[in-house]
Amino acid sequence: MIQSMTGYGKSVVQLPTKKITVEIKSLNSKNLDLHARVPSSYREKELDMRKTISKSLTRGKVDFNLFVEITGEETSSKLNETVVKQYMEQLSNVVDGDEVELLKMAIRMPDAMKTERKEIEDDEFKSISEALTEALIAINKYRSDEGKVLEDDFKMRINTITELLEKVIAIDSDRIDIVKERLRKAVSDLAETVDENRFEQELIYYLEKYDITEEKVRLKNHLNYFNEAINSDDSNGKKLIFICQEIGREINTIGSKSNHAPMQQLVVQMKDELEKIKEQALNVL
């Protein structure tokens, strides 16, 4: 079963004094490209969270956001009383004013507030880890759901190419007859006497260059292989892209060898379907 690289997952955990939100978004990328936005007080755990994400999401451009909202009586900033008193004393020597006015001016000065960096408690990080796991489950489900949509689209378009190939096979024998007749008419228009045996030899050589038997067989095998790949247990977008390249090679060869307008029209339709598959395959995990 294939998975899309596009996904979104979110989880919210409510602690006694804060609400923590974990949000993960992903888009397609050749490899894992992880960007994290984590508050400075949680940076010590960022590497652990990155490892957890990397184990769950192997490819994609991933944005990981950790939001912390204080909901209780907790703050990491405190008044630096010693510094504020010194400011007030210095200000009283410069301007006249009561203590309230001096205090208002003092707390605006540098270092009037001090930030105490607290270590993350084990229980808090455990809650964050659980929220991260829930968000990863959510984004992987999103990816699987998107993958199912892609899978249905792939099957429809591969089936369309298969039907077009059957039409190519059906008109192939008529095409050869038309090419033969065209060559015979061209020779007869020359009003020259030709060696019939030599003409037949040259005709066979010429028609061999337009023979698409091998291309038809290989194209059918590639189409079957593509269906097997999307039905396999793993999701491998790189494999699907490689198979698309092989399918395209056979379609192009059929088009260049056809020398027959109705067949070339079918080839154009096959190419159109294949381009849509290739575009969507870039988003497969």
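Descriptive notes on the structure:
- Given 19/104; 155/209; 30/167; 180/276; 209/238; 10/45, the pairs whose alpha carbons are separated by over 26 Å: 19/104; 155/209; 30/167; 180/276; 209/238
- Protection proxy ranking of 100-107, 268-275 - average other beta-carbon atoms within 10 Å, highest first: 268-275, 100-107
- Computed over region 1-93, relative contact order equals 33 percent, with contacts defined as Cα pairs under 8 Å that lie 6+ residues apart.
- Taking the helices alone, the chain has a mean residue ellipticity at 222 nm of -21000 deg cm²/dmol, built from -39,500 (n - 2.57) per DSSP H run of at least 4 residues and averaged over all its residues.
- Converting the Cα gyration tensor eigenvalues of region 1-153 into ellipsoid dimensions via √(5λ) gives semi-axes, longest first, of 48, 15, 13 Å.
- Cα shape, region 136-184, gyration tensor, a/c 1.5 rule: prolate
- Order of 242, 125 - criterion: other Cβ atoms within 10 Å of each residue's Cβ, fewest first: 242, 125
- Entry note: the chain has Rg to Rh equal to 1.39, where both radii use alpha-carbon atoms and Rh is the Kirkwood radius.
- Where labels lie 7 Å past Cα in the beta-carbon direction, separation of residue 183 and residue 18 in nm: 8.1 nm
- Dividing the mean sequence gap of close Cα pairs (under 8 Å, 6+ apart) by how many residues the chain holds gives a relative contact order of 26 percent.
- Pairwise label distance in nanometres, residue 35 with residue 101, each label 7 Å out on the Cα-Cβ vector: 5.0 nm
- If R0 is 25 Å, the Cβ-Cβ spacing of residue 282 and residue 54 corresponds to a FRET efficiency of close to 0.70.
Readers should treat all values here as calculations from the given coordinates under stated rules, not as data from a laboratory. Since we're looking at a predicted model, the values are computed, not measured. Please note: Cβ atoms are built from the backbone with ideal geometry, for glycine as well, and neighbour counts cover all protein chains shown.
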